[in-house]
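Bear in mind these aren't lab numbers, they're just calculated from the coordinates by the rules spelled out. Owing to the predicted nature of the structure, the values given are computational and were not obtained by experimental measurement. With ideal geometry, Cβ positions are generated from the backbone for all residues, glycine too; neighbour counts draw on all protein chains shown.
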Amino acid sequence: MKERGRTKQTYVGQLLLANPSLRDPNFKRAVILMSVHDADGAMGVVINRPLPRQLGELNVEFAQTALAGIPVYQGGPVETEKLILVSWQRDEAHMEFQLNFGLDVEQAIALVGTPGLTIRAFLGYSGWGKGQLESEMRQKTWITAPLADYNLGADDGIGLWRMILGSLDPELKLLADEPDDPTLN
């Protein structure tokens, strides 16, 4: 992407981690997998907010397919009834990370059982309008991390956020480990 003669930073295929100071309940301690970032805005899904159900519990049609046991996550505050299927796979031999965002049901069913492949379902997504994400990045609302460096299935919930932040910087590790209630410190 170009901006006035220079290349503009894109966050597609990156992880955005909420800054430890971010208190917005929609994004506090969130890890967002980015799928779109262009001149019109950006989009991704929160990958560390598991819901207590599987895809087969959402819709009876899924209960009869190989997708029935796929975990469901809260993808973000936008269009929370919209279902987004995502898969990823790390290819250690070639040092690559393959991401498939917005799979249709048939594609996802065909991928079930592929060794080393993770499939997740997300309700809703996280979205930014034109220039909004860039503004938040200048305000240091988000910290970026390269997607390929992490095993996204190694931890879930806040633990994933803490693990990634802690690996980026010792100071961030201290901030990530702070309890919500300072009296518990």
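Quick notes on this structure:
- Alpha carbon convex hull of the stretch 105-172, projected area averaged over orientations, nm²: 6.8 nm²
- Between residue 28 and residue 98, residue separation times 0.36 nm minus the direct Cα-Cα distance comes to 22.5 nm.
- The residues packed around residue 61, meaning those with a beta-carbon under 14 Å from its beta-carbon, carry a net charge of -3 if Lys and Arg are +1 and Asp and Glu are -1.
- All C-alpha to C-alpha distances of the stretch 12-94, sorted into 5 Å bins beginning at zero, yield P(r) values of 3, 12, 19, 22, 18, 14, 9, 3, 0 percent in whole numbers.
- Environment charge at residue 42 (Cβ cut-off 10 Å; Lys +1, Arg +1, Asp -1, Glu -1): -3
- Every helix of 4 or more DSSP H residues in the chain counts as -39500 (n - 2.57), and over all residues that averages to -5000 deg cm²/dmol at 222 nm.
- The chain - charge dipole about Cα centre, Lys and Arg +1 at Cβ, Asp and Glu -1, debye rounded to 20: 480 debye
- Relative contact order (%) - the chain, alpha-carbon pairs under 8 angstrom, separation at least six: 24 percent
- Taking only the Cα atoms of the chain, the ratio Rg/Rh comes out at 0.98, with Rh defined as the Kirkwood radius.
- Angle between the chain longest axis and helix 158-168 axis [Cα atoms, degrees, rounded to 10]: 50 degrees
- Spatial offset of the stretch 131-171 relative to the stretch 20-37 amounts to 8 Å, using the alpha carbon center of each.
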